[in-house]
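The values are calculated or read from the model by the stated rules, or taken from the named source; none is laboratory data. If you're wondering where the values come from, they're calculated on a predicted model, not measured in any experiment. Methodologically, a virtual Cβ is constructed for each residue, glycine included, from the backbone with ideal geometry; neighbour enumeration extends over all protein chains shown. Heavy atoms of the whole protein, side chains included, go into the accessibility calculation; ligands, DNA and RNA do not. Shrake-Rupley method; radii C 1.70, N 1.55, O 1.52, S 1.80 Å.
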Amino acid sequence: MSAYSTILCEVAGGIARLTLNRPERLNGMTNRMVIETGDALARVTADPNVRVLLLTGADLGHFSSGGAASDDRLLPEHLAVPRLLHEMPAVTIAAVNGACAGAGLGWACGCDLRVAARSANFSTAFLRVAVAGDMALPWTLPRLVGAAKARELSFLCEKFSAEEAARIGLVARVWDDASFRGEVDALAERLLRCSPTALRALKAHYLAAEVLGLDEFLALESEAHLRIASGAHAAEAFRAFVEKREPKFD
């Protein structure tokens, strides 16, 4: 992976770890960070060996405080980070390890799953700085918490805790700060133990369901199910169940 100035991106063992790396500025999202993140995600998307992507911030206490001033010029295509997170074949996890606001929240909402450290807090934040926002939050947030709640969070801009984020369905798990990194790693490893064929297909099914009618989706899903269920991974999963062991997928 290329060397970047505002992020770290490491790929190993089927997991890509993308870290927003401006801790001295609360991982504020400069234009350079947006450009570099888009480039890194495009590279990860093209790697068929990556099954899980973890998005987090450097240092406990700060995921991303949102947008920050920058001299780099942004083009519309640079703002596609939420789409890349949402549509890439890998399962994407936002590991929210601290304050998550504005554009940072938009990136987190683009992921398939969100988990949070207990000290994390959230805010849509955009109206506070007199902008309507970016990073697709009006598209993703209603799908996660419902239309009425999304509007409340956006128009009132009130900060809310990790526990509240879990209560409204925004995050899937809240873990104590001391154990957060280990729990995130364990979650990624749990997904890696799934059949890569089934995992990728399930992600594709959720994406297809957003744009297809029921009949079209059933046709797509049924074809994939019959093909996958008759394959080697399903046979291995059945044998492992009978033999009371973990399955081993090629």
Checklist entry - In terms of Cα to Cα distance under 17 Å, which lysines are near enough to LYS149, apart from those fewer than 8 places away along the same chain? => result LYS159
Checklist outcome for this item: Any trypsin sites (Lys or Arg not before Pro) in the stretch 21-116 that lie in a DSSP loop and have at most 15 other Cβ atoms within 10 Å would be ARG73
Checklist outcome for this item: So for the stretch 1-99, using the alpha carbon gyration tensor with a ≥ b ≥ c as root eigenvalues (a/c under 1.5 gives rounded; past that, a/b versus b/c decides prolate or oblate), I'd call it oblate
Checklist entry - Which of the listed residues, VAL211, VAL44, VAL91, is farthest toward the dipole's positive end in the chain, when Lys, Arg count +1 and Asp, Glu count -1 at the beta-carbon? => result VAL91
Checklist entry - Once both axes come from the Cα atoms, what is the angle between helix 214-229 and the longest principal axis of the chain, in degrees from 0 to 90, rounded to 10? => result 60
Checklist entry - Is the shape of the stretch 104-195 best called rounded, prolate or oblate, per the rule: a/c under 1.5 gives rounded, else a/b larger than b/c gives prolate, else oblate, with a ≥ b ≥ c the square roots of the Cα gyration tensor eigenvalues? => result prolate
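For the stretch 1-115, what's the relative contact order in percent, using C-alpha pairs closer than 8 Å and at least 6 residues apart?
Details: 246 pairs, mean separation 31.5, N = 115.
Dividing the mean separation by the residue count of the stretch 1-115 yields 27 percent.
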Next on the checklist: Given a 1.4 angstrom probe, I'd like the percentage of the accessible area of the chain that is carbon and sulfur, rounded to a whole number.
Outcome noted: 56
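Can you give me the Rg/Rh ratio for the chain, using Cα atoms for both radii and the Kirkwood formula for Rh?
Values: Rg = 18.7 Å, Rh = 19.0 Å.
Taking Rg over the Kirkwood Rh, I get 0.99.
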Checklist entry - What per residue convex hull volume, in Å³, comes out for the stretch 57-162 when only alpha-carbon positions are used? => result 109
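Where only protein heavy atoms count, and the probe is 1.4 Å, what is the accessible area per residue for the chain in Å²? Walk me through the intermediate numbers first.
Details: 12870 Å² over 250 residues.
Per residue, the chain has an accessible area of 51 Å².
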